[in-house]
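The values are calculated or read from the model by the stated rules, or taken from the named source; none is laboratory data. For clarity, every value in this text was computed on a predicted model and none was experimentally measured. Cβ placement follows ideal geometry from the backbone for every residue including glycine, while neighbour counts extend to all protein chains displayed. For accessibility, only protein heavy atoms count, side chains too; no ligands or nucleic acids. Shrake-Rupley method; radii C 1.70, N 1.55, O 1.52, S 1.80 Å.
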Amino acid sequence: MLANGLLGSIAATGALILGSIRLILGRDHPVAILLVDGDLIIHSLAGDRSFVEQLEVAGLREGRSAAEDAVGTNAVDLCLRERRPMITSGWQHVCAGLMDVKIAAAPLFGLNNALHGAIALVSDASVGTDTLNGLALLCAESTSAQLSAMETSGNLDRMLVEQRAIIDSISDGLLVVDEDGRVRHMNAPAGRILTLNPEQSVGRRFAELLDFEPIIAPIFRTGVGYYDRELIIDSNRRHLHLIDTAIPVKDAQGKVQSVVNTFREFNRAKRIAQQIAGSPARYTFDDIIGTSDCLRQAIGDARKAALGTANILLNGPSGTGKEVFAQAIHSEAIHAHGDRRDAPFIAVNCAALPRELIESELFGYVAGSFTGAQKGGRPGKFEMASGGTIFLDEITEMPLDLQAKLLRVLQEREVTRIGATRPIPIDVRVIAASNRDLKDAIARREFREDLYYRLHVVSITIPALKDRRSDIPMLATHFLRKYAATAGKPVFTISDTALRAMTAYDWPGNVRELENTLERLVVLSDGTEIRQFDPPGDARMPPPSSMVVPVMKALREHERDVIAATLIHVDHNVTKAAEILGIARPTLYSKIRDYGIVLQRAGADKAS
């Protein structure tokens, strides 16, 4: 069994190692480090506060036993029995409080292979098994080396080299500054980012090394650190854009002894965010199905446009696949330029964003710029798309005042966040899309003419499905196979009768309507063949635009009557009505409220 003094020293080292582990796992995964002695008594448990409290409720508490009899099957008990690393997760834990965690434990050996206890890393069950197990082994090896060094008063240099290697292997910059403002440690990435020599910087005051005021200085007075703060430094010698975290290390009396400062370059953080939460381009031109002349013409024009950098305007009715074309253009550009392998693709539906949020979503904002803004500010979609492509769908729904700001962004190739004065350069290709006639919108003063010409460098018209009926059999076969596989049903076939009916139908919802229809047929079919296709009942109705209305009514009354009649014909389905009327769904909702039209489904008393 370890002596109490030796246990205390190892526990303190574990707390330091914990900071490095957090950097490797990322903030999305909670983590705790557990130290037990040879009798399975928990000596220390450190980590994220809420996660530690969860583990304590489950029975993993300092002074308590980690044996199977106390908390059920777990890696700590197994590793001491087997004298080798073990890992347990999820259902392997009998204790209900440990069902959602993963435990990787490794034994601690001293001189002469004496087993002194175990060290374990605990995180959520979604963390990679190899990653957690590797980190546990690394901690155990480093801690075992420390044990041997303490026992023999030797080997300390080797342990320090190993710990330095762990810290230097982290891709983020990491430095430790003491209460006198002196640098106690600086890893290689920190030196690279700050253009400093780590070896020459250790022992010197941090303020002397930089030509700007260190923002971590107030932490020694307040004792309050911060996470993931955006930091823009524009001094005489350095131009840095960082994501910065600073954590105070306090003594038993709560006094700040040092600050552990970690930071990464904003562009690198942005790339990681794009990979995790962005809109990856999944489609290529090979995914666009059809051989009709008009579709082949559109694909040919898009392939040529993809090789350049000019802005592109995609025209076509709703449901024709404008975003598929946009993603294919982006994918083709990446294939042609190997140095942009990780270029982001960001899609924005201008009609789906609330009016009061669209500017901040597109251009970002700085801290405190408006009520409700995130504390540290936030980059906009244009910044996130820099180096790649931004797809602006339903561009005609963008308010006129924001169209002016978008025009400036396209001209100057830089954005200024809300509340900021300093512009941020961007390198982004813009692909815009519209299902409306932009020239008609210009005539009605709903769209800026100068913005139209800025976007209209390359214009590609995507044909409606009724204009390429020869592609319907190929599309139908593709969607049948896709949704049969999804539903776990045998591959479906389609009769000639049903196929002729589909080909004759005009498909006002285009490819989207065809896909949804075939998915429904697959789900509801009891056999393996689609034998019949009946067009929707409203398809046989004359379109609202052809309805006869009294010529003496005011224009406002005409519009109300057309909207009300359209809603009745589609059983008050606002999405279908918006497609038939050729306006965006938010616009239609606004007009419904304005005219006092009541939305009701079939089966209830309809009123309007």
Taking the range 137-152 and keeping residues open to solvent by 40 Å² or more (accessible area, probe 1.4 Å) and either touching a Lys or Arg at 6+ places or on another chain (Cβ under 8 Å) or modelled with pLDDT under 80 (or both) leaves Met150, Glu151, Thr152
Among the helices (runs of 4 or more DSSP H) confined wholly to the range 346-434, which include 1 or more residues that are surrounded by fewer than 20 Cβ atoms within 10 Å (Cβ to Cβ) and at pLDDT 85 or above? 358-363, 400-412
From Ala217, Ala207, which residue is touching a Phe, Trp or Tyr at 6+ places or on another chain (Cβ under 9 Å) and either in a loop (DSSP other than H, G, I, E, B) or closer than 18 Å to Phe263 by Cβ (or both)? Ala217
Which residue is nearest to Ala136 (Cα to Cα), if the candidates are limited to the range 73-111 and must be under 37 Å from the mean Cα position of the chain (by Cα) and in a loop (DSSP other than H, G, I, E, B)? Pro85
Within 20 Å of Leu132 (Cα to Cα) and either assigned to a loop (DSSP other than H, G, I, E, B) or modelled with pLDDT under 85 (or both) - does that describe any residue in the range 31-40? no
Which residue pairs have Cβ atoms under 8 Å apart, sit 6 or more places apart or on different chains, and have a first residue in the range 505-523 that is farther than 16 Å from Ile580 by Cβ and a second that is open to solvent by 20 Å² or more (accessible area, probe 1.4 Å) and small (Gly, Ala, Ser)? Val511/Gly321; Val522/Ala487; Val523/Ala487
Collect the residues in the range 575-591 that are open to solvent by less than 10 Å² (accessible area, probe 1.4 Å) and assigned to a helix (DSSP H, G or I), keeping them in residue-number order. Ala577, Ala578, Leu588
Would a scan of the range 463-473 turn up a residue that is outside any helix (DSSP H, G or I), surrounded by 14 or more Cβ atoms within 10 Å (Cβ to Cβ) and at negative phi? yes
Considering only the range 125-136, I want to know if a residue exists there that is at pLDDT 85 or above, within 23 Å of Glu53 (Cβ to Cβ), in contact with a Lys or Arg (Cβ under 9 Å, 6 or more places away or on another chain) and surrounded by fewer than 18 Cβ atoms within 10 Å (Cβ to Cβ). yes
Taking the condition open to solvent by less than 40 Å² (accessible area, probe 1.4 Å), modelled with pLDDT of 80 or more and not aromatic (Phe, Trp, Tyr), does Leu313 pass? yes
Within the range 316-333, tally of residues that are open to solvent by 30 Å² or more (accessible area, probe 1.4 Å) and part of a helix (DSSP H, G or I): 3
Residue satisfying condition, being modelled with pLDDT under 85 and on the phi < 0 side of the Ramachandran plot, within set Ile568, Ile592, Ile563, Ile494: Ile568
The range 267-310, residues that are loosely packed, with under 13 Cβ neighbours inside 10 Å, modelled with pLDDT of 90 or more and among the β-branched types (Val, Ile, Thr): Thr291
Within the range 496-532, which residues are more than 40 Å from the chain's Cα centre (by Cα) and open to solvent by less than 20 Å² (accessible area, probe 1.4 Å)? Ala498
Assigned to a strand (DSSP E or B), out of contact with any Gly (no Cβ under 9 Å at 6 or more places or on another chain) and open to solvent by 10 Å² or more (accessible area, probe 1.4 Å) - does that describe any residue in the range 58-66? no
Could you check, for the range 476-488, whether at least one of its residues is touching a helix residue (DSSP H, G or I) at 6+ places or on another chain (Cβ under 7 Å), open to solvent by 30 Å² or more (accessible area, probe 1.4 Å), modelled with pLDDT of 90 or more and closer than 30 Å to Ala305 by Cβ? no
Taking into account only those residues within the range 153-199 that are among the β-branched types (Val, Ile, Thr) and in a helix (DSSP H, G or I), which is modelled with the highest pLDDT? Ile193
Collect the residues in the range 195-225 that are within 32 Å of the chain's Cα centre (by Cα), under 24 Å from Arg378 (Cβ atoms) and either surrounded by fewer than 14 Cβ atoms within 10 Å (Cβ to Cβ) or touching a residue at least 40 places away in the same chain (Cβ under 8 Å) (or both), keeping them in residue-number order. Ile216, Ile219, Val224
